[in-house]
């Protein structure tokens with residue numbers, strides 16, 4: 001009786017380990033070159049909630065800076081705007097949305113961007129102040145601008161450091177400013 005029970009358990013273990021194995025296609029991840037071009041706590045009232053905007057040409061980028069500049073004293077487009085090679089690169093504007101105080105910001109951790117199945121995935125650290133932190137009492141609109149190559153993807157997903165989707169951009173569909 002013990003031999004039959006042992007043989008039965010071995011068969012169950014064998015089928016459990018090898019009999020139900022699924023063959024899922026391996027996902028291919030290609031690293032994505034990302035360069036932080038700007039980080040700001042006041043990006044203008046571009047959105048109430050987190051979002052992203054793909055900027056594929058210099059004139060569009062200048063219009064974005066003009067909108068922000070109108071809300072700031074002495075604000076102007078930085079010098080790097082003129083040097084971006086828009087034939088090969090674009091700028092991803094990630095906006096954290098309207099925040100009730102200071103202490104909110106975005107941070108890119110190098111090496112946390114890749115392309116998988118025609119989707120660029122970028123992980124950003126979304127930081128908010130501790131509940132008991134002393135912060136400025138001003139409404140902020142934090143954002144970050146990332147320079148990325150234009151090739152290899154038709155969708156961009158921005159994830160927080162816990163893997164939650166915060167914003168997405170489909171490059172085939174125009175998105176308003």
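Laboratory data are not the source of any read-out in this text; all were calculated from the coordinates shown. Source: prediction; values computed, not measured. For neighbour counting, all protein chains shown are included, and Cβ atoms are generated from backbone atoms with ideal geometry for every residue, glycine included.
What are the residues in the range 48-67 that are part of a loop (DSSP other than H, G, I, E, B) and within 16 Å of the chain's Cα centre (by Cα), if any? Those that are part of a loop (DSSP other than H, G, I, E, B) and within 16 Å of the chain's Cα centre (by Cα): 49, 50. Taking the range 69-152 as the region of interest, the strands (runs of 3 or more DSSP E) fully inside it that hold 1 or more residues being loosely packed, with under 12 Cβ neighbours inside 10 Å are 105-116.
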